1. Rolling a 1.4 angstrom probe over the protein heavy atoms, how many square angstrom per residue are accessible across segment 1-107?
2. Taking 30 Å as R0, compute the FRET efficiency from the Cβ-Cβ separation of residue 46 and residue 74 and round it to 0.05.
3. What dipole magnitude, in Debye to the nearest 20, does segment 48-128 give about its Cα centre under +1 on Lys/Arg Cβ and -1 on Asp/Glu Cβ?
4. In the chain, if the dipole is taken from +1 on Lys/Arg beta carbons and -1 on Asp/Glu beta carbons about the Cα centre, which of 61, 28, 96 is farthest to the positive end?
5. Taking a spot 7 Å from the Cα of residue 16 along the direction of its beta carbon, which residues of segment 87-128 have an amide N less than 13 Å from it?
Amino acid sequence: MDGVPLDGLVARMLARSPFDYRVAPGDGEREVAYRLRGSAVLDRGWCAVGDLPGGLERDEYDDHAIQVIGWDGDVPMSTGRVVLPPRLPTEEACGIVVEPRGGVVDVGRMCVARSHQSLEHAALIGLM
């Protein structure tokens, strides 16, 4: 296929982004991701404050997921996760197996803080 290799394209897009995207290395930054998700679901009315202990939105898949956080300087502004096999949320929710079994991941729980949402979707595009 002609064109720019995907890795090169992604590297160029991220280099031009005003934001920094990093994998959460420990429990403290993982909690930042869960808190961003909690704020998003509360903001949209998808659940009540009492449904989120400590304001954290998380589930059983987070224990074996990679959490990615988008930063605007020192301000966390977006997050998403990559759930590694086995036990992918979409497979379990839909009762399916995505082939090759064990060779795919589940990307989800993406959100952008209201303060960083815009028509250009720059914060979300960089996260993806």
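The values are calculated or read from the model by the stated rules, or taken from the named source; none is laboratory data. If you're wondering where the values come from, they're calculated on a predicted model, not measured in any experiment. All Cβ positions, even for glycine, are placed from backbone atoms using ideal geometry, and neighbour counts span all protein chains on display. Each accessible area value is taken on the protein alone, full model and side chains, heavy atoms only, with ligands, DNA and RNA left out. Shrake-Rupley method; radii C 1.70, N 1.55, O 1.52, S 1.80 Å.
1. 63
2. Working: r = 28 Å, r/R0 = 0.92.
Working from the Cβ atoms, E equals 0.65.
3. Taking the Cα centre of segment 48-128 as origin, the dipole is about 100 debye.
4. Farthest towards the positive pole: 28.
5. Only 122, 126 pass the distance filter.
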